[in-house]
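Worksheet: one structure, shown below.
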Amino acid sequence: MSMNGAVHGPRRPTGRHLARNQRGVSLLEVMISVLILGIGLLGIAAMQALALRGGQGSLESSQAVMQTTSIAEAMRANRLNAGNYAMAMTCTAGSGGSLAQNDQAAWINALKSTIGVAGDTSTCGRIEALGNSRYRITVQWDDQRAGGSSTRQVATEVRI
């Protein structure tokens, strides 16, 4: 209370006191915010790279499965000579000759163009006769581009 009996509220700061008590965002706070934002963006970039590698691996696996289906359908179309399609792990396309050899050469070339890269020597295919009109078709390729192992295989068993 003052001398005349009036009640006064809290004192309002003057211009000098206001500037000292309320200054806004400091440079240090801004720098810390930028650092946190930068670390977050680096994390997002790392996750994006990981997702791209995973997508590449999935694409190659899908292509391998489609190519095994492709040669299986060629074997079904030439059912009487399906036994002639059996071949060891082969990484280079043959010159062709019979229908089975032409199909094998086209299959190896398709493997290299869909899964491999130019000059690829690691993309290979194998067809094994298991007996009783069953065959195992195996596709092998180098999966290091997608962050996998140096040799990856997909095997599919079919009945012709």
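The values are calculated or read from the model by the stated rules, or taken from the named source; none is laboratory data. Owing to the predicted nature of the structure, the values given are computational and were not obtained by experimental measurement. Note that we place each Cβ from the backbone using ideal geometry, even for glycine, and neighbour counts take in every protein chain shown.
General observations
- Among the residues of the stretch 73-92, those identified as small (Gly, Ala, Ser), crowded, with 16+ Cβ neighbours inside 10 Å and in a helix (DSSP H, G or I) are Ala74, Ala82.
- Check on Ile36, touching a strand residue (DSSP E or B) at 6+ places or on another chain (Cβ under 8 Å) and either part of a helix (DSSP H, G or I) or at pLDDT 90 or above (or both): no
- Unique residue being out of contact with any Leu (no Cβ under 6 Å at 6 or more places or on another chain), crowded, with 16+ Cβ neighbours inside 10 Å and in a loop (DSSP other than H, G, I, E, B) when the list is Ser70, Ser122, Ser61, Ser95: Ser122
- Within the stretch 70-97, residues that are on the phi > 0 side of the Ramachandran plot reach partners that are polar (S, T, N, Q) with beta carbons closer than 6 Å, at six or more positions or on different chains, in the pairs Gly96/Asn102.
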